[in-house]
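Written out below as structure tokens is the structure these notes cover.
The values are calculated or read from the model by the stated rules, or taken from the named source; none is laboratory data. On a predicted model such as this, the values are computed, not experimentally measured, just so you know. With ideal geometry, Cβ positions are generated from the backbone for all residues, glycine too; neighbour counts draw on all protein chains shown.
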Amino acid sequence: MTPAPEQLGVLLLSEHYWTARAMQQQGSRFYRALGQALEASDAVNRRLIYQTWPEACWDFYQRGLRLAEVE
């Protein structure tokens, strides 16, 4: 499923650090590994991750916003 264009745009323009960190801290083993991949990715591979797992990436993006607020 392709993410909503607005969501994809927000994800691509956002600082991916917080999304990756939320995945690594709060996700299952799969999402922890995906968070590591997201952290190490270039722009092309970030887009691929966001397009492949849109709902999860949006969820972890929102979690990442909350993490950033706390710190």
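Looking for whichever is without any contact (Cβ under 8 Å) to a residue 40 or more places away in the chain and either in contact with a helix residue (DSSP H, G or I) (Cβ under 7 Å, 6 or more places away or on another chain) or polar (S, T, N, Q) (or both) here; the options are Gly64, Gly27, Gly9. Which one fits?
On the way: Gly64 fails: without any contact (Cβ under 8 Å) to a residue 40 or more places away in the chain; Gly9 fails: either in contact with a helix residue (DSSP H, G or I) (Cβ under 7 Å, 6 or more places away or on another chain) or polar (S, T, N, Q) (or both).
Just a single option satisfies the conditions, and that option is Gly27.
Can you tell me which residue in segment 1-57 is surrounded by the most Cβ atoms within 10 Å (Cβ to Cβ), limited to those that are within 20 Å of Glu71 (Cα to Cα) and of a type in the set (Phe, Trp, Tyr)? Going through the qualifying residues, I end up with Trp18.
All of Leu13, Leu34 fail the test of being aliphatic (A, V, I, L, M) and under 11 Å from the mean Cα position of the chain (by Cα), apart from Leu34.
Is it true that some residue in segment 2-9 is modelled with pLDDT under 95 and of a type in the set (A, V, I, L, M, F, W, C)? Yes: one or more hits.
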